[in-house]
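Trainee: Quick one: the structure is below, questions incoming.
The values are calculated or read from the model by the stated rules, or taken from the named source; none is laboratory data. Nothing here was measured: the structure is a model prediction, and the numbers come from that model. Every residue, glycine among them, receives a Cβ derived from its backbone with ideal geometry; neighbour counts consider all protein chains shown.
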Amino acid sequence: MRRSKYKIAVNLEWTNACNANCSMCPRHMIDKTEIMTESCFAEVLGRLKPEEVFRVVLAGYGEPTIHPQYAHFIEMLRDHPVRFDMVSNGQALDDDRLQEMDGAIDLLIVSFSSIVKEVYDQVHIRLDQERVLENIRAAKKNLTKTKLAISLTPTTECLQTLPETIEWFQKRGIGLLTMSPTLYNRAGSLREEQKATAYLRSIIRQYGLRSQEMEFIPSLWDSAKQVYHNRFRCLPRNAVLPIAVNGDYQYCFNDIGRKRTLGNVRDMSLGEALRLREKTGPDPELCAGCNISSRYKSSEIAAVIKHYQSQKTGEKRHAA
Ligand SMILES: C[S@@+](CC[C@H](N)C(=O)[O-])C[C@H]1O[C@@H](n2cnc3c(N)ncnc32)[C@H](O)[C@@H]1O
């Protein structure tokens, strides 16, 4: 069996059901809600090799913490050689779930829009801000091995209250704050707002926020190989292989309706799925509404590389 020639990240969906209905999330494009079965998850685990996958992010389009077998799934992945991170809206992260994930999950990333309740309620619809903040405080206090990060929501309605939101976390010793430098485009429905984007990036620089993109670069050498081997040179797509709730390998994270799958974990290895994807070109429907790939012009790539190198140097100095 031939392996992939470069490393990638996997975005894995335990469920596409969610306890929220966030304003920026294109959930309306999901046909039916499902949960991953235990046998499917076991197949997925068998497909994840550290030589090919440097990081698995449990996220997808649902909320991983509400999977009915959450505790069992955490135990299943605990001794797996690949690193697992989890993205959550924080609502269901009670003491039991936090304790269960401690040490099994490398990095817990809680998505958060605004410290101002009115803004939070507009964005994170159906969630209880007070409860989420309480759970974040408990995570900060009680997680001994799993690291905690906050993923700030880059939408126009959050920009105004971003500085006070950042300061609220920093004052409480929660310093690992990440943010995408590209506004979420609600699967193509948002027109690029240049002023808002410029402001977003100035805040990222001012507060030294961590760019989420960096977390998806295994190494510059692997990124170069991703570019070389893929006919379609879309960096964000080629860096991540999404695996949907039913075990389908996906062409791109933006294929929410799963119209262009590559195959299933039951039938093919991850390397085989990547080789199929390498031969594909852009998808007229999916790519037309995407504002992420256009961000990767050569000047932007140079900036990403520079930033990646400075972050890596900083991490090494910090560890020394
Ligand atoms: C879809 S959520 C699923 C995990 C979890 N339910 C949560 O809310 O964090 C995963 C991440 O995608 C982000 N997200 C939501 N809508 C998005 C969009 N239109 N474009 C890009 N990312 C989006 C969320 O902010 C979150 O950090």
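Trainee: So how many residues does segment 162-212 have that are farther than 17 Å from I150 by Cβ, at pLDDT 90 or above and charged (D, E, K, R)?
Mentor: Summing the residues that are farther than 17 Å from I150 by Cβ, at pLDDT 90 or above and charged (D, E, K, R) in segment 162-212 gives 2.
Trainee: Of all helices (runs of 4 or more DSSP H) completely enclosed by segment 173-284, which ones contain at least 1 residues that are surrounded by fewer than 17 Cβ atoms within 10 Å (Cβ to Cβ) and hydroxyl-bearing (S, T, Y)? Give the steps one after another, and end with the answer.
Mentor: Numbers: elements: 194-206, 220-229, 235-239, 270-278.
The helices (runs of 4 or more DSSP H) meeting that bar are 194-206, 220-229.
Trainee: Right, something else. Is there a residue in segment 35-58 that is surrounded by fewer than 17 Cβ atoms within 10 Å (Cβ to Cβ), within 16 Å of the ligand (Cβ to nearest atom) and polar (S, T, N, Q)?
Mentor: No, because not a single residue in segment 35-58 is surrounded by fewer than 17 Cβ atoms within 10 Å (Cβ to Cβ), within 16 Å of the ligand (Cβ to nearest atom) and polar (S, T, N, Q).
Trainee: Right, next: Only one of (1) touching a helix residue (DSSP H, G or I) at 6+ places or on another chain (Cβ under 9 Å); (2) of a type in the set (A, V, I, L, M, F, W, C); (3) touching a residue at least 12 places away in the same chain (Cβ under 8 Å) fails for I204. Which number is that?
Mentor: (1)
Trainee: On to the next question. Look at F54 and say whether it is farther than 20 Å from G247 by Cβ, touching a helix residue (DSSP H, G or I) at 6+ places or on another chain (Cβ under 9 Å) and hydrophobic (A, V, I, L, M, F, W, C). Show your work before the answer.
Mentor: Numbers: farther than 20 Å from G247 by Cβ: yes; touching a helix residue (DSSP H, G or I) at 6+ places or on another chain (Cβ under 9 Å): yes; hydrophobic (A, V, I, L, M, F, W, C): yes.
Taking the combined requirement at face value, the residue satisfies it.
Trainee: What residue, among those in segment 20-53 that are under 18 Å from the mean Cα position of the chain (by Cα) and polar (S, T, N, Q), is nearest to C290 (Cα to Cα)?
Mentor: The selected residue is S23.
Trainee: So is F73 more than 11 Å from the ligand (Cβ to nearest atom), within 17 Å of Q250 (Cβ to Cβ) and not in a strand (DSSP E or B) or not?
Mentor: Numbers: more than 11 Å from the ligand (Cβ to nearest atom): yes; within 17 Å of Q250 (Cβ to Cβ): no; not in a strand (DSSP E or B): yes.
Answer is no for this residue.
Trainee: State all residues of segment 1-59 that are of a type in the set (K, R) and assigned to a helix (DSSP H, G or I); if no residue qualifies, say none.
Mentor: Quick first cut of segment 1-59, residues of a type in the set (K, R) only: 2-3, 5, 7, 27, 32, 47, 49, 55.
Selection gives R27, R47.
Trainee: Something else now. Report whether or not I243 is of a type outside the set (D, E, K, R), at pLDDT 90 or above and in contact with a Pro (Cβ under 7 Å, 6 or more places away or on another chain).
Mentor: no
Trainee: Which residues, counting only those in segment 80-91, are in a loop (DSSP other than H, G, I, E, B), near the ligand (Cβ under 10 Å from one of its atoms) and touching an Asp or Glu at 6+ places or on another chain (Cβ under 8 Å)? Step through it out loud before you land on a result.
Mentor: Taking segment 80-91 and keeping what is in a loop (DSSP other than H, G, I, E, B), we get 80-83, 89-91.
From the residues that got through so far, the ones that are near the ligand (Cβ under 10 Å from one of its atoms) too are 89-91.
Selection gives N89, Q91.
Trainee: Would you be able to say whether some residue in segment 237-257 is within 16 Å of the ligand (Cβ to nearest atom), free of Cβ contacts under 8 Å to residues at least 24 places away in the same chain, under 24 Å from G60 (Cα atoms) and not hydroxyl-bearing (S, T, Y)?
Mentor: Among the residues of segment 237-257, at least one is within 16 Å of the ligand (Cβ to nearest atom), free of Cβ contacts under 8 Å to residues at least 24 places away in the same chain, under 24 Å from G60 (Cα atoms) and not hydroxyl-bearing (S, T, Y), which makes the answer yes.
Trainee: Considering only segment 78-96, state which residues are buried (at least 19 other Cβ atoms within 10 Å of the Cβ) and either of a type in the set (K, R) or more than 26 Å from L133 (Cβ to Cβ) (or both).
Mentor: Matches in segment 78-96: none.
Trainee: Scan segment 156-178 residue by residue and report those that are touching a Ser or Thr at 6+ places or on another chain (Cβ under 7 Å) and within 13 Å of the ligand (Cβ to nearest atom). Let's see the steps before the verdict.
Mentor: Our first condition is that a residue be touching a Ser or Thr at 6+ places or on another chain (Cβ under 7 Å); within segment 156-178, this holds for 158, 161, 165, 178.
Answer for segment 156-178, where residues must be touching a Ser or Thr at 6+ places or on another chain (Cβ under 7 Å) and within 13 Å of the ligand (Cβ to nearest atom): C158, T178.
Trainee: Out of the residues in segment 59-76 that are crowded, with 20+ Cβ neighbours inside 10 Å and not aromatic (F, W, Y), which is nearest to I35 (Cα to Cα)?
Mentor: Applying the filter and picking the extreme gives H67.
Trainee: Condition first: more than 14 Å from the ligand (Cβ to nearest atom) and part of a strand (DSSP E or B). Now tell me which residues in segment 92-142 satisfy that.
Mentor: Residue satisfying the conditions is D102 alone.
Trainee: Starting from residues that are out of contact with any helix residue (DSSP H, G or I) (no Cβ under 8 Å at 6 or more places or on another chain) and without any contact (Cβ under 8 Å) to a residue 60 or more places away in the chain, keep the ones in segment 112-129 and report whichever is farthest from D85 (Cα to Cα). Spell out the reasoning first.
Mentor: Taking segment 112-129 and keeping what is out of contact with any helix residue (DSSP H, G or I) (no Cβ under 8 Å at 6 or more places or on another chain), we get 118, 125-126, 128.
Next, only the ones that are without any contact (Cβ under 8 Å) to a residue 60 or more places away in the chain stay: 118, 128.
Details: E118: 30, D128: 23 Å.
Within segment 112-129, the match that is farthest from D85 (Cα to Cα) is E118.
To keep it simple, each residue is scored yes or no on (1) touching a residue at least 40 places away in the same chain (Cβ under 8 Å); (2) acidic (D, E); (3) under 25 Å from L148 (Cβ atoms).
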{"residue": "A9", "(1), (2), (3)": "yes, no, yes"}
{"residue": "L12", "(1), (2), (3)": "yes, no, yes"}
{"residue": "P26", "(1), (2), (3)": "yes, no, no"}
{"residue": "K32", "(1), (2), (3)": "no, no, no"}
{"residue": "F41", "(1), (2), (3)": "no, no, yes"}
{"residue": "L45", "(1), (2), (3)": "no, no, yes"}
{"residue": "E51", "(1), (2), (3)": "yes, yes, no"}
{"residue": "G60", "(1), (2), (3)": "yes, no, yes"}
